[in-house]
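The values are calculated or read from the model by the stated rules, or taken from the named source; none is laboratory data. All figures in this text were calculated on a predicted structure; none of them were measured in a lab. Note: ideal-geometry Cβ built from the backbone for every residue, glycine included; neighbour counts use all protein chains shown.
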Amino acid sequence: MGIFVINGHGFYDTWTTLASLINLTIFFKYQIEVDGETVCIIMLSVILVGFLGWFILENTVLKLYGNPLITHYMVIIWASYGQYLSQYGVSKALDALIITNMSVFSAVLVARVVILAIRNRRNGIYGNGNNLVPLDSSSKQSSDNGHY
């Protein structure tokens, strides 16, 4: 059950972060009047660098807290694909950066799955159950009815 909760949070957090960056892009384009292509390139670069930084943190410092977390990779690939469909043909630089982002995000997803498989291959929770402690410990009580 906890896997669904943490992945649901990952989905929500990633989607709202991307929505905030889209709103920030709109603000810079229409309120500050910065060139739209420049703002998009900056935001796509921020997303790429931020996500690679998160990948490094998640697999080193935060590995105990986000072990089953994987949905944010799928969300960011999905959002990048939607962005590619809506922005296709606007600029060669944007097309190249969006395709680069999708490629890097896909490679990072594969790397994350491999890292999780290697890290958890000996984990009793994901294994066949031979290493699990039985819930009913009454058969192992001492002859004096459990008093120590």
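Kindly provide the set of residues from region 23-57 that are of a type in the set (Val, Ile, Thr) and either touching a Pro at 6+ places or on another chain (Cβ under 6 Å) or surrounded by 13 or more Cβ atoms within 10 Å (Cβ to Cβ) (or both), ordered by number.
Thr25, Val34, Val39, Ile41, Ile42, Val46, Ile47
Restricting to region 1-37, give me the number of residues that are farther than 17 Å from Leu69 by Cα and out of contact with any Lys or Arg (no Cβ under 9 Å at 6 or more places or on another chain).
So the answer is 18.
Can you tell me which of Leu44, Leu64, Leu57, Leu52 is within 28 Å of Ile6 (Cβ to Cβ) and touching a helix residue (DSSP H, G or I) at 6+ places or on another chain (Cβ under 6 Å)?
The conditions single out Leu44.
Quick one: in region 91-124, which of the residues that are closer than 30 Å to Glu58 by Cβ and loosely packed, with under 10 Cβ neighbours inside 10 Å is modelled with the lowest pLDDT?
Arg122
If we scan region 87-104, do we find a residue that is within 22 Å of Arg119 (Cβ to Cβ) and in contact (Cβ under 8 Å) with a residue 12 or more places away in the chain?
Looking for residues that are within 22 Å of Arg119 (Cβ to Cβ) and in contact (Cβ under 8 Å) with a residue 12 or more places away in the chain, one finds at least one in region 87-104, hence yes.
Is it the case, given these coordinates, that Leu64 is of a type in the set (A, V, I, L, M, F, W, C), outside any helix (DSSP H, G or I) and either under 12 Å from the mean Cα position of the chain (by Cα) or over 15 Å from Arg112 (Cβ atoms) (or both)?
It is true that Leu64 is of a type in the set (A, V, I, L, M, F, W, C), outside any helix (DSSP H, G or I) and either under 12 Å from the mean Cα position of the chain (by Cα) or over 15 Å from Arg112 (Cβ atoms) (or both).
Return the residues of region 56-73 that are aliphatic (A, V, I, L, M) and free of Cβ contacts under 8 Å to residues at least 60 places away in the same chain; say none if nothing qualifies.
Ile56, Leu57, Val61, Leu62, Leu64, listed by residue number.
If a residue must be of a type outside the set (D, E, K, R), more than 23 Å from Val110 (Cβ to Cβ) and in a helix (DSSP H, G or I), how many such residues does region 1-45 contain?
Qualifying residue count for the region: 22.
Quick one: Leu69 ticks every box in (1) crowded, with 16+ Cβ neighbours inside 10 Å; (2) modelled with pLDDT of 90 or more except a single one, so which number is it?
Evaluating Leu69 over (1) crowded, with 16+ Cβ neighbours inside 10 Å; (2) modelled with pLDDT of 90 or more leaves (2) as the failure.
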